[in-house]
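Shown next, in structure tokens, is the structure this report addresses.
The values are calculated or read from the model by the stated rules, or taken from the named source; none is laboratory data. Please read these numbers as outputs of a predicted model, since none were measured by experiment. No Cβ is skipped: glycine too gets one built from the backbone with ideal geometry, and neighbour counts run over all protein chains shown.
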Amino acid sequence: MAIGGKPASDKVGLLAVGRAALRLAPAAPRALRAALNVALLNSESTQSIGQLLDLQAQKYPDKDCLLFEGLRWNYRDFNAWANRIARALQARGVGHGDTVGLLFDNCPDLLACVAATVKLGAVAGMLNPNQRGEVLRHSVEVIKPHLLIVGDDCVAALQTAFPKKPRGAIWFWVGSGNPPIGFESLPDTVSSVGAGSTPSNISVTRQIKASDPCYLIFTSGTTGMPKAAVMTHLRWLKSGYGIGQMAMRLRADDVFYCPLPFYHNSALTLCWSAVLTTGATLAMARKFSASKFWDEIRSARATAFVYIGELCRYLLARPPSAMDKTHNIRVMIGNGLRAEIWDEFQARFGIAHICEFYGSSEGNLVFINALGLSRTAGFSAQTYAIVAFDTQIEQALRDRRGFMHRVPRGESGLLITEVTESSPFDGYTDATANEAKLLRDVFERGDIWINSGDLVREQGFRHIAFVDRVGDTFRWKGENVATTEVEGALGTLDGVEQGSVYGVSVPHADGRAGMAALVMNAGAKFNPRTAAQHLTQALPAYAVPIFIRLISAHETTATFKIRKVDLKQQGFNPTTIRDPLFILRDKQKGYEPLTATIYDEVVQGKLRL
């Protein structure tokens, strides 16, 4: 049975695929070269990020490599800068397999330190500068760094996690002036803009294998403590050739604008690999700003940018402008662009190719919308399956023999991907977390598959649409409710800026009742009757939220993912929640204020929902 009421997106048909293929025919030679590059990659080859940077610096020495706030570095100077940092790290004992912790906001120094680290065969531990206290301390302890390099803006954050510097720890600082107490200045690492000297490349770079780890990337942390996923040079290079060249069709004359944080894979792997494999230019923003976004795009003369779904919603919420289509963008790539705003966004900003993709830091498979079809997360040639899933017990269903079964096309299920020699599971640093992610004996004895943790829908021609995260989908009135589809309906409600949906436990009732936390636009008021009418028409009866909570803002991760864990735990008790609460007792009358008296009736079972 499909999860939710309306499909997450259209089916992918033969006619649409054929039209897209004809439209992309002129780019076929470039796509074939990219496919060949992917095919030639193997885990034992001595191919790596550092070696690629060395090669591009030789091929494009005077071409722009990096743009940042009016400054620019060509490939020769950026490579020389990374070589100097690498030698400074090497002098302090950093070698193959060691972890270098990096704590920075977006800035060129961060990317130069990453390049230096991977040139040594070391692993860049990408710490989140938004973390504080116990969470940041946990992250540092997980990666076990040989040393830490900290940007000036992040010193205070580190000190909340470590009020006293641990004995034997090496803390390098990057900034101007004298270093803070407990920190050393990283020597000989001055930015090389316009520098004449070109330090020789690092000899050990030529010995690094594609299968070697290059980064530790932390999960977004929407629930629980963050986990560190392992990224290898092989996966990074596959991303560059497969996504950057084959799907986006980037060229050396492209400028790729990135406003996302570089401790996250969307920036560090997807963007940087696409740029470096093609010899293009990376335009790095310090952070995303909806009001400055298009001005920065125009200033950089960008031809491509990366997005997260919420970023697109913020841009669409800005007042329309005569300049909306005044830019050079021909392709945008990212994940999470919702079906209900896809066409409006594409039409308003005039972007020909929306390259939506699906993937994860710890997974071994990527779906990519290489054909530029509407409202799809794209295609994958790798081995995957969509299997029946019980959202109540949050487990994939098995038959009497203990095997799982695939759901028919058009129905939703759990996405799983097979672990093979060519598609290995790099996993997390935590062995226990790795085992919890794996499914064994799925279709036959001895096979191993990765549990994506996501519910998706097969659209045809090996394309999928994202439906929901496992744990977000809940069961009510005997039906599965997909929060993303309910959130889509809320997004079309007048006055709603943003809505999140989750299930809450209700005494004397099976399953979980739907609850929505709404942020209203400035000056807009919540209309209880209109809201009930709109949602009743837009959604199946079982998916209409029973409870509404009006909040001032959502707590989000740095990649704009909403943290729902606290909202779920707080439930719908008006005696402990100060925000306005509403309940839907009668769909004809609409939502009404949830009082303490009504709450008691629900808790005591006198009021059945």
When the stretch 424-467 is examined, which residues are found to be in a loop (DSSP other than H, G, I, E, B) and touching a residue at least 60 places away in the same chain (Cβ under 8 Å)? PRO424, PHE425, ASP426, GLY427, THR429, ASP430, PHE461, ARG462
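Out of the strands (runs of 3 or more DSSP E) lying entirely within the stretch 468-549, which hold 2 or more residues that are crowded, with 20+ Cβ neighbours inside 10 Å and at pLDDT 90 or above? Walk me through how you get there before you give the answer.
On the way: elements: 474-476, 479-481, 496-505, 512-520.
Fully inside the stretch 468-549 and qualifying: 496-505, 512-520.
Out of the residues in the stretch 117-153 meeting the condition of being of a type outside the set (Val, Ile, Thr) and in a strand (DSSP E or B), tell me which one is nearest to GLN90 (Cα to Cα). Steps first, answer last, please.
Here is the first cut: in the stretch 117-153, the residues of a type outside the set (Val, Ile, Thr) are 119-122, 124-134, 136-139, 141, 144-148, 151-153.
Of the ones still in play, those that are also in a strand (DSSP E or B) are 124-127, 147-148, 151.
Values: ALA124: 14, GLY125: 17, MET126: 19, LEU127: 21, LEU147: 11, LEU148: 14, GLY151: 20 Å.
Top of the filtered list is LEU147.
Going by the conditions given, is LEU550 touching a Phe, Trp or Tyr at 6+ places or on another chain (Cβ under 7 Å), within 30 Å of ILE217 (Cβ to Cβ) and not assigned by TED's automatic domain parsing to the domain that holds ARG318?
On the way: touching a Phe, Trp or Tyr at 6+ places or on another chain (Cβ under 7 Å): yes; within 30 Å of ILE217 (Cβ to Cβ): no; not assigned by TED's automatic domain parsing to the domain that holds ARG318: yes.
So LEU550 fails the test.
If you check SER9 against the conditions, is it of a type in the set (Ser, Thr, Tyr), outside any helix (DSSP H, G or I) and modelled with pLDDT of 80 or more?
no
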LEU250 surrounded by 24 or more Cβ atoms within 10 Å (Cβ to Cβ) and in contact with a Gly (Cβ under 7 Å, 6 or more places away or on another chain): yes
Please give the number of the condition THR376 fails out of (1) among the polar types (S, T, N, Q); (2) outside the structural domain of GLY460 (by TED's automatic domain parsing); (3) farther than 17 Å from GLN459 by Cα. (3)
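Given the options GLY196, GLY244, name the one that is out of contact with any Leu (no Cβ under 7 Å at 6 or more places or on another chain) and either modelled with pLDDT of 90 or more or surrounded by fewer than 21 Cβ atoms within 10 Å (Cβ to Cβ) (or both). Before you say what the answer is, go through the steps one by one.
Values: GLY244 fails: out of contact with any Leu (no Cβ under 7 Å at 6 or more places or on another chain).
Of GLY196, GLY244, the one residue that is out of contact with any Leu (no Cβ under 7 Å at 6 or more places or on another chain) and either modelled with pLDDT of 90 or more or surrounded by fewer than 21 Cβ atoms within 10 Å (Cβ to Cβ) (or both) is GLY196.
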Residue selected from the stretch 269-293 under the condition in contact (Cβ under 8 Å) with a residue 60 or more places away in the chain and charged (D, E, K, R), by the criterion surrounded by the fewest Cβ atoms within 10 Å (Cβ to Cβ): LYS287
Among the numbered conditions (1) assigned to a loop (DSSP other than H, G, I, E, B); (2) touching a Ser or Thr at 6+ places or on another chain (Cβ under 8 Å), tell me where ALA112 comes up short. (1)
Of the conditions (1) touching a strand residue (DSSP E or B) at 6+ places or on another chain (Cβ under 9 Å); (2) outside any helix (DSSP H, G or I); (3) of a type in the set (S, T, N, Q); (4) in contact (Cβ under 8 Å) with a residue 60 or more places away in the chain, the single one that ASN178 does not satisfy is (4)
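Can you tell me which residue among ILE181, ILE170 is surrounded by 15 or more Cβ atoms within 10 Å (Cβ to Cβ), assigned by TED's automatic domain parsing to the domain that holds PHE78 and at pLDDT 90 or above? Don't jump to the end; show me each part of the working.
Details: ILE181 fails: surrounded by 15 or more Cβ atoms within 10 Å (Cβ to Cβ).
Among ILE181, ILE170, only ILE170 is surrounded by 15 or more Cβ atoms within 10 Å (Cβ to Cβ), assigned by TED's automatic domain parsing to the domain that holds PHE78 and at pLDDT 90 or above.
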Within the stretch 586-605, track down each residue that is closer than 21 Å to THR576 by Cα and assigned to a loop (DSSP other than H, G, I, E, B). LEU594, THR595, GLN604, GLY605
List pairs: first in the stretch 294-323 and closer than 18 Å to ILE243 by Cβ, second assigned to a helix (DSSP H, G or I) and among the β-branched types (Val, Ile, Thr), Cβ under 6 Å, 6+ apart or cross-chain? none
